[in-house]
Structure formats: structure tokens, C-alpha cells
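Presented below is the structure to which this report refers.
Just so it is clear, none of the values below were taken in a lab; they were calculated from the coordinates. Treat the numbers as computed from the prediction; the structure is a model and nothing was measured. Virtual Cβ from ideal backbone geometry, glycine too; neighbours counted across all protein chains shown.
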Amino acid sequence: MKKKSRVLALVLAAVVALTACGGQGGKGGDKSGELKDLYTFEVAQREMENVFILNTEMANDLNVLCNTQEGLLETDPKGQLAPAVAEKWETTDGGLTWTFNLRKGVKWVDVKGNEKADCTAQDWLTGLEWVMNSWKNEAKNTSMPTALIKGAGDYYNYTKDLKKEEAMALNADKGSKFQEMVGIEAPDDYTLVYHCTDNAPYFATVATSACLYPLSQALIDELGGTDKVRSANNEKLWYNGPYTLTSYIQGNEKILTKNKSYWDKDAKLFNTVTIKITEDTMAAYKLYETGELDHADLDESTVRKIADDKDNEFHDQLVEKLPRKYSYQMHWNYDKRNEDGSSDKNWNTAVANEAFRQSIYWGLDLTKYWSRTNYVNPLHCENVAYTMKGLLYTSDGTEYTKLVTDKIGLPESDGKSPRRYDKEKALAYKKQAMEELKAKGVTFPIEIDYYIIGGSQVAQDGATVLAETFAETLGDDYVKLKVDTYVSSNTKEVIEPRLQSFTINGWGADYGDPQNYLGQETYGEDGAYYSNNYSNINDAKDKELIATYKEFTKMVNKANKITDDMDKRYDAYAEAEAFMLNHALTVPANLEVALQLTHVNDYTKTNAMYGICNYKYKNWTTSAEAYTAEQYEKFAEEANK
């Protein structure tokens, strides 16, 4: 079919790239034909839960907050580092010491755009003190500074041993314990120096991560002290980014308004960006049809309707999005609880068994599940590694995840079937698991609790396909996927009470190194995000499982210490990642390569496989008329040059 061939051509031309959200059905264009105001959306399960950037590692929050807060550096449409508050940056000793020269005239403003203070180097000291203060920030965003900045981990442990009131009273002023212990200094208002624990040639990419964002002590004072900061709403916080968050109605919409004091006077910004919360992508498509959105991701049924009907009004406007930077995994919960808080012994015993995990790792053919995202080319959503494809390359140009898949022994893609699916291997592991688990008193079928947001037909349909996949490929005599629902907050209602058997969740790199991925899964380390918030591995009881995790952690930490040869460093990480996957400690699930209708040229957006800047609504090219597949093919060709 003509439409499908166009989409295929686009896909083949597309380069690994970025995240995206977009537009309003052709309304509000200026004389140039571009949009003055942007109307975009987010689905309900991705509603933000935190407006304070230092206290969150969730993409749901950071996709918005990267527009309201400005860091040292940002990234451009090619994924390269670009100046932000820092005009220049350098290291003269192989990455041990990094100096950032800040631009003058960057202002903090309140929600109404009133200027409040100059943004200076001291604000980065205040921000890092907050992040590394155990009582202030509860280990959020600590993993990278701990690994990279001299004394940061020591300061975290120091504050952890203090009483709450003592730790909350600390600051980053001259003569403070923080300045005494931590390798960061501000020789003057516009010079910032970081001292790393070891040579870190990639440290500049960390500057695009929330862990190194600034915080003004004057804001803390205005709010009435440290205990008031995390509870402050959007109307109380200060902003130094391209937009202020002028309206935030939980579960409804958010409005970003152009910051007239923003330092980059040449930047092309929207007057406002309205982010509507929709039940799901189907609801977003309906809003796109009525002209209320400038962009819509499409569910499988909508894509089928458009792609298979050449007379459909949107037939020639169906385009494939660039891949989002997130690598999605099935994250096991090794300390699952029942609703009464008691241990779910049947599940915890089963998931601790390696043969059980391996049977799922090798036995799930997720093609139908991927079709929910990309009906035209479902295998473009296949994920075979933990680290995101395209993040890193060795000195000879080898893409990092190929190192991982080569060590696992996965075949090259044939474009027809999943690379990891191996029915014979899965059945052998199933047989082994059933024998071993029956001996431990596990009952079958093993019930697997999988949670989705209630009231979303798209989420329900996707979960139904996933449940059918488990039954068809593994057998309902063995496992049964039970679809449960939460009302509004997956974190509060499911993850914190530990009700899930597994969660499919994605990680996007904060900086350009495998440590940022693998460091989220290590054992016994406070900064390991998934270990502490999803897998709960530190509370597991199975000795063999714990030993496997400790070996993986040992391999990661060994790779961390290799700083003089990046090829050796990447190879050591690839060994650790292959070990993790060979033991199915997590299971790669999917990439996000969706189909869409849009008034936004994705190829003009910020494009990087690390950092938090990909949702920054800055310098986007848009059109009052929706883009066509033919136009997108040309955009891809130009980008590939």
C-alpha cells in the first residue's frame, strides 16, 4: 500500500533520536505559518507528581520541568552539548577537574515573571548541597554525584548520620561543612569548578541532568526555610528557564508561559504551551480531530483505520516518530506484598528462581504487544538490551548495545521475528522452574499482578494483549497475568505498597555513560533507583538471588573504576549488562517508536540519548497545516546528511 511504503521509507531513513510532544490542529499560526501557541498532551498515567526539579528522577516530571529550570548545558537537535547558563566549559587534566564559565545576566523570576535575583555559581553549590543532603532530598538524584564528584558520597553519609533538624539547618555557604567536604567551588559569581573522584571525560554530559541543577538560597529564605521547599507549589517556586509554570491543575492541564527574562533572546519560543491530560492516546486523537491539539500519538486501532484507508483524511499525514530515549524493561518486584501488607510468598519464591525468570526472558514473543505502539513496523519497538541503543559508541564506531548482544549471543535481526524469542529454551526453563518451585511449595499457575490506570481503554487493551501473550507463549498452566488497576498515582497506590509483580518502566540516560543505566540496578547502594524503588532487591531473602545481584554489582563497580581507556570501560560494562540479562534480573521489553499525526517537525527538537532536555519547547519548527509523510521523508533525508 502506498501509505505503508511511505512510512517504511521514513523509518529506514530515520536516525536514532528523541522525545517529543506536540501541537494544536492547525490553529493559532502566525504570518510565517508557524504556531504561536502549542497545545500538546500527556496521558493520565504520565501525569507529573512533583514540581521541584531536584527532588525527582521521574521523566513525567522532568519532561515539564526542563522548560522551567535551566542548567549549565543543554543539547541540540543533533544530540550535541550546547551552552546554556554556562557559556564555556573545559577540562585540562583528562576529566579530573571541570571548569564552567557562566554567562552574566541570567535571572531568577517568580511565576508572574517578576525578576527576583541573579543566577550565579553559588546557586549550583546550594543545589548540590540539597541533592546530597540525605534529610533534604531522600537520596533522589544522588547516584551520579556520589560516583563522580569528590566527597559527595561522604557528605551524603555525613548528613545521614545527623539528626533531622541538624541536617536541615546545613547550607552551602562559605565555611560550611559542605564546602569543606565536597569537590565543588565557586571562585567568583560566574566561575564554577567541579573536582571529580577520578578522570571523567564524560562529566560535561552530566550537566544536562537534574542532579546538577541550581537552587537559590534566596528562594529557600523567602519560602521560610528548608522544610518549606519540597512542599512549595508552582506559584511559590522561582524559574530561570524559557518558561514559567503558570498553571498546574493536577489531572487536568498545565500551562507554560514564555519567560520574558530568559537569557537566550534569540530562542524561538511559544507564547504558551498547554499540556492537556488525556485518559489515553485514543482520547488525544479525538482532541486532535477537533483541532484542540497540535499533535497526537496513535493507538493500534486508530493507525489501522488510517493506514488501511487511502481515502482517510489523515492517510497521507501518518508519520513515524523518532525513537524516544527511553529503554523499557520489565522490572521484577522481589519483595511483593499483599494488600494487607503481608509477604506474597508464592510470587517472591517464584521470582527468586532463575529458571522461572529465564523462561519468561526467552519465552515471551512480544510482537503483538509492540503492534499496540507501531502497527506498521512492530519490530522497530523491539528492545534487546538494558542501555538505550544509540547512547554510546566505541572508538571504532561500534554501537555499545551490540557489545552486549554479542556477549549474550543474540542473532542479528531478520526483520521478521524477535531476536530473543526461543521457544525450545523457554520450555526447558519452564520445566526446570516447575520442578524446582513445586519442591518449595509454590502453587501453579503463578499469579502475576500487573497494574494499569483505571478507566483507560487503551491501557486495558494493551494489558489484555500482554496477558494473552503470557498465556499463548508460556501456558496458563504455568502463569496467569492478572490485570489490576490504580486510580491516579501508580507510585503511591502500587509501587510504594509493593503490590506489583513487575512494572514495565523506562530509563533515559542522565549522562553519556553506561554507569547511569546499570547503576540503577545495583545491590545495597542508596543511589540505585530501581533497586530501591521498584525491585526492592535489598529486602529480598533468597541467598542465591542476592549472590547473583552482588556479583553483578561487583562487575559494575569494577567497570566504574576504568577511566583511562573508554573502550575497556564500555566492554566491562557490557560484560556486566550481559550478566544481568543472562540471569534475567530484568527483562528488556520495548522501545517507543510510535506513529503520529503532528504539526511539529520532530527533527528540529532537542535530540539526545541522555539528559533531561528533549522535551524543551525551544527552537521547534511547526506548521499551521499538519505535516505529511512526504515532508517527513525529506526531513529524515536532511537529518541524515
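Things to note:
- Loop-located trypsin sites (Lys or Arg not before Pro) across segment 536-628 with a Cβ neighbour count of 16 or fewer within 10 Å are 541, 561, with loop assigned by DSSP.
- Rg and Dmax over the alpha-carbon atoms of segment 327-473 stand at 17.4, 55 Å.
- According to the calculation over all Cα-Cα pairs in segment 430-486, the P(r) per 5 Å bin from zero is 4, 19, 24, 19, 14, 10, 6, 3, 0 %.
- Distance between modelled label sites at residue 641 and residue 367, nm, 7 Å Cα→Cβ extension: 3.8 nm
- Residue 630 versus residue 101: modelled label distance in nm, points set 7 Å from Cα along the beta carbon direction: 4.9 nm
- Per residue, the convex hull volume that the Cα atoms of segment 246-397 enclose (Å³): 261 Å³
- Net dipole in debye of segment 231-298 [+1 Lys, Arg Cβ; -1 Asp, Glu Cβ; about Cα centre; nearest 20]: 420 debye
- Note on segment 134-195: percent of Cα-Cα distances in each 5 Å bin, starting at 0 and stopping at the bin with the largest distance, equals 4, 17, 26, 27, 17, 7, 1.
- If R0 equals 25 Å, the separation of the Cβ atoms of residue 468 and residue 413 corresponds to a calculated FRET efficiency of about 0.55.
- Local charge for residue 369 was computed over the other residues whose Cβ lies under 12 Å away, with Lys and Arg +1 and Asp and Glu -1, and equals -4.
- Approximating the spin labels as points 7 Å out from Cα along Cα→Cβ, the residue 191-to-residue 477 distance works out to 7.4 nm.
- Each of 133, 553, 573 was placed along the dipole of the chain (beta-carbon charges, centred on the mean Cα), and the one lying farthest toward the positive end is 573.
- Over the Cα atoms of segment 532-584, the radius of gyration divided by the Kirkwood radius equals 1.05; this is the Rg/Rh ratio.
- Pairs of alpha carbons in the chain separated by more than 33 Å make up 46% of all such pairs.
- Length, then width, then depth: along the principal axes, the Cα atoms of segment 58-174 run 43, 43, 33 Å.
- Taken over segment 200-328, the convex hull of the Cα atoms encloses 207 Å³ per residue.
- Using a Förster distance of 41 Å, the FRET efficiency for residue 557-residue 32 (Cβ separation, nearest 0.05): 0.15
- Set of segment 230-263 residues, backbone N closer than 16 Å to the point 7 Å along the Cα-Cβ line of residue 117: 230, 232, 236-241
- Two-site FRET efficiency, residue 76 against residue 265, from Cβ-Cβ distance with R₀ of 22 Å, rounded to 0.05: 0.80
- Overall, the chain carries a charge dipole of about 260 debye about its Cα centre when +1 sits on the Cβ of Lys and Arg and -1 on the Cβ of Asp and Glu, all other atoms neutral.
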